[in-house]
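Handing you a structure now.
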Amino acid sequence: MKSQWMKSTFSGLIVVIAYSVSVSTEPAWATPMLQNATFGNLNALVFGKGKRLGKSKTTSTEDEKTAEGEESGDLQTQSQAQEQAKRRAQQAEEQTSQDKEAQEQSDPAETTQSQTLDNSNAKPARETPAADRSVEPTAGAGVTKLQTKPQSGKSKTSSKTANSARKQPKEITLVDLFRTDLTHTDLRTVGDLMVKLRRMVTDKPQDPSLRIRLGCHLYLAGDYEGAATEMKRAIALRPDDVIGHTLLARLLDEAGDQSAAQVEFQRAIEIDPNFADARVFFGESLMRHGGISEAIDEFRRANEAKPTPDGLSGLSEALVVVQDYDGAVKAARQGVSVMPNSAKAHVALTRALLAKKENQSALRTARQATLLDPTSADSHIALGRALHANSDLSGAVQEFQQAVNLDPLNPHARNDLGWALYGMGDVASAVTQLQLALRLNPHLSEARNNLEIAIFGLAGKK
């Protein structure tokens, strides 16, 4: 035992001497590493990662070779320890990468935000023509698609989780675009899209889909003549395009050409009898021109083909006109059930409930409509009427004024505001609003009757 201890001690001294000699001959770049080394990791530097020390130009003595032979067993143990240390380091790195992936998976919002920033400098993809029944979403629609390529393993799972968490945007159809309210229209965006579409039409003049899309944006900009021209050209290229005939019919109807509009409506229904939007537009046109029974028939057929909030709301309003209040409430409630987030469906239900004298229920429904769409003039008109029915005249005036601010060209908003002002005793302001309502729509009989009453009241005050 004593001789073995002396041998190991003697070998250790030889290793220290070899280390000191090698330091003196090591190049300058290695000196800091060796100076910072401690006695405990000296062997690791000499026999492990510091292999350059073993290649030093110093002359090895026979005693050093003997010592290395005697220490061969210790070197094997040290190499095993080094391998274990390497394995532990690799395990630590793997654990760190797993922790990062888990963090990204647990917080998909940060991952999405970083992906958005990375994609902000990317070049936009080349625009391609959309299908006949869909359009490129505008900025007002707030539709943004973010596509990222998952790498591998758990990062792919994290990407799928983030994508599933995102709400998929609703497809915007050409019919939806045609129904866009002026208060929801960003004219700057519409102008930019018109420029792009004109360039695309120039490149592909025989593409009817591009011409219909261009016509829709011209309609939003108020250029009815230009919109009709593009849609007629699209129909000439594709005569059986039900979308083209439907939108052209709606455009002609709003422009006052009722006979031409009716021809286009009938052609669209002939091409596709189950296209609900054509029947809904036709029913709305018939209602505006007094064909209530025909409108009810078209709305019913549209809802048989495909129940929609527009079709059910139109049916409810038509049934109110013929004083079928139970049927009106039923149709309106069905519209709310089909699309609970539709402000228009809630407005139709409010009108039906008011006609049925269920004023408290109407007030609750109207408030829900304004919450769903605070920028809708119709929602504020419905709430104003519900407040008026519940004897809250000041609240009704505020809601009607808000509707006028949102849509100054709405004759119904000005008529209701004038009648509410008359009820509060402000007869002069009431007369002004009712006169404006008749200028906007000379055929609005309700405004004409209210104006006569207001003028009579104004004359009685003198």
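By its C-alpha gyration tensor, with a ≥ b ≥ c as the square roots of the eigenvalues, how is the stretch 175-286 shaped: rounded for a/c under 1.5, else prolate for a/b larger than b/c, else oblate?
Verdict is oblate for the stretch 175-286.
Once you order the gyration tensor axes a ≥ b ≥ c over the Cα atoms, which shape class does the stretch 212-266 get: rounded for a/c under 1.5, otherwise prolate or oblate by comparing a/b with b/c?
Because a/c hits 1.5 or more and a/b fails to exceed b/c, the stretch 212-266 counts as oblate.
So if I take the alpha carbon set of the stretch 279-397, get Rg, then get Rh from the Kirkwood formula, what is the Rg over Rh ratio? Write down the numbers at each step before the final one.
Numbers: Rg = 13.7 Å, Rh = 14.0 Å.
Reported Rg/Rh (Cα atoms, Kirkwood Rh): 0.98.
Now a separate question. Going by C-beta contacts inside 10 Å, put M231, M339 in order with the fewest on the left. Show your work: numbers first, answer last.
Details: M231 29, M339 16.
If I rank by nearby Cβ atoms, fewest first, I get M339, M231.
Modelling each spin label as a point 7 Å along the Cα-to-Cβ direction, I'd like the M424/R188 distance in nm, to one decimal.
Computed distance between label sites M424 and R188 equals 3.5 nm.
Here's something else I'd like to know. Using only Cα positions of the stretch 408-462, each an equal point scatterer, no hydration layer, compute I(q)/I(0) via Debye at q = 0.13, 0.17, 0.19 Å⁻¹ and quote the log10 values to two decimals.
So the normalised log intensities work out to -0.24, -0.41, -0.51.
Taking θ as phi - 60°, what are the ³J(HN,Hα) couplings along the stretch 361-369 by the Karplus curve (6.51, -1.76, 1.60), each to the nearest whole Hz, with x for Gly and Pro?
Once rounded to whole Hz, the list reads 5, 5, 5, 5, 5, 5, 4, 5, 5.
Compute the distance in nm between two label points, each set 7 Å from the Cα along the Cα-to-Cβ direction, one at K232 and one at K306.
The two pseudo-label positions are separated by 2.8 nm.
Along each principal axis of its Cα atoms, how long is the stretch 299-363 end to end? Whole angstroms, biggest number first, please.
33, 27, 13
Readers should treat all values here as calculations from the given coordinates under stated rules, not as data from a laboratory. Note that the structure is a prediction, hence the values are computed from the model and not measured. Glycine gets a Cβ as well: all are built from the backbone with ideal geometry, and neighbour counts include every protein chain shown.
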